[in-house]
């Protein structure tokens, strides 16, 4: 195979003949869901969050692109300070519910979904010039709703260097840094865990961008950086926790336009850095890394579908608070109009570019119960939302089998299948493209989640499926890797 990405994806496929040989899950050995912290220097966000929660209505003018003057609290300027930071972090990955099981154990749910409720994504934030907060780099501890200092002082020169001189770093007052922790997911999902981590991070990113849009703040996605530099800055052990993405945030009009993402090394060079004794997912991450301070030129292209004006009064904040992964659909249908709205919201082009790998993902819609659309498999053009029929028929049994025999898959109204031509992806972005594409799939899945909730529908992301059987259902070549499956339908009343 031409790239390690193709090899990793192939060897982490689920197959009905081998899935029972993956080994048992040792339920008594689950890693902790939260990092240990020291109380020293902890900055409580709870009181700031309470203030921010008093008004969850978005600024309607801001959401239409003509918001209040940059620099005010509504647009996340320095005057907003800790209140703005607390709001953005909470609605990205804060705790939104606590469940207690029959044994008295607490299980915490967060603003973004996670495969198996394992939450391998962590968030750090670099801040400067923010009211009520000293300049520095902080770790967000969602359980304590607190910022934990990593460094005090200004590290923006270092950050600009690690992010390869991106002008958004120089202009931003906030820089959110997403990392992933192998162990939290690998404990259950083995070598496939990295795929889940990337999707989970994409879901959290989707929430952050929705919060930025609703409050009229600029953002710039920074997928290209010197991995080793950020690991050193954040005290990360690379084979345990690793950086995935940066997001620069500032008041409207304060950030320069994003110019695309940097590719990693060509696959033939990248593979030289993988250590054969490491788990495959660690080798995949090693092949994705950017090591040179002069990487290949960034890749940029338009992304997004038709403009989609949000209805008056729509609040992503209230929607995020209500979002839960649906556990049971009724099997009832939805209208074609509802489907088009959900897709329009998921692919809308609002504000700065949100695609990390523009033009590299493909989409198929499996219609099971859509009034106004014959059951079948349709190819979706995300730029126009046009559906082109590829196969006609009722594929409930195939979808059920493909999704590992989960009733959700046969009872939903439709499934959106996210794919990528892995060879083409690696040719454009190197192995790093796998990271970009999977996070994009997570973003799109999260926006589908939010719009489904707004429509009083249910949704659930499926990261575990029989890969080749999914290709067979779509009549797609095996070179097109199946990255994710999003299900939407009518939820059964609890």
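The values are calculated or read from the model by the stated rules, or taken from the named source; none is laboratory data. Source: prediction; values computed, not measured. For neighbour counting, all protein chains shown are included, and Cβ atoms are generated from backbone atoms with ideal geometry for every residue, glycine included.
So which residues in the range 421-436 are assigned to a helix (DSSP H, G or I) and within 18 Å of residue 297 (Cα to Cα)?
424, 425, 426, 427, 428, 429, 432, 433, 434, 435, 436
Here is a yes/no grid of residues against (1) more than 30 Å from residue 18 (Cβ to Cβ); (2) in a loop (DSSP other than H, G, I, E, B):
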residue: 197; (1), (2): no, no
residue: 224; (1), (2): yes, yes
residue: 230; (1), (2): yes, no
residue: 242; (1), (2): no, no
residue: 249; (1), (2): yes, no
residue: 253; (1), (2): yes, yes
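Suppose we filter the range 270-296 for residues that are free of Cβ contacts under 8 Å to residues at least 12 places away in the same chain and either surrounded by 13 or more Cβ atoms within 10 Å (Cβ to Cβ) or assigned to a loop (DSSP other than H, G, I, E, B) (or both); how many remain?
Residues that pass the stated criteria total 4.
Answer yes if at least one residue in the range 453-470 is assigned to a helix (DSSP H, G or I), under 24 Å from residue 308 (Cα atoms) and touching a strand residue (DSSP E or B) at 6+ places or on another chain (Cβ under 6 Å), and no otherwise.
no
Applying the selection to the range 120-163, what residues are farther than 13 Å from residue 42 by Cβ, part of a strand (DSSP E or B) and in contact (Cβ under 8 Å) with a residue 24 or more places away in the chain?
Residues satisfying the conditions are 121, 122, 123, 124, 125, 126, 127, 137, 151.
Taking the options 382, 375, 349, name whichever one is at pLDDT below 95 and on the phi < 0 side of the Ramachandran plot.
349
For the range 297-328, how many residues meet the condition of being outside any loop (DSSP other than H, G, I, E, B) and either under 19 Å from the mean Cα position of the chain (by Cα) or surrounded by fewer than 18 Cβ atoms within 10 Å (Cβ to Cβ) (or both)?
7
Quick one: in the range 396-415, of everything that is in a loop (DSSP other than H, G, I, E, B) and touching a strand residue (DSSP E or B) at 6+ places or on another chain (Cβ under 6 Å), which residue is surrounded by the fewest Cβ atoms within 10 Å (Cβ to Cβ)?
Only one residue tops the list, namely 403.
Only one of (1) surrounded by fewer than 17 Cβ atoms within 10 Å (Cβ to Cβ); (2) modelled with pLDDT under 95; (3) not in a strand (DSSP E or B) fails for residue 107. Which number is that?
(3)
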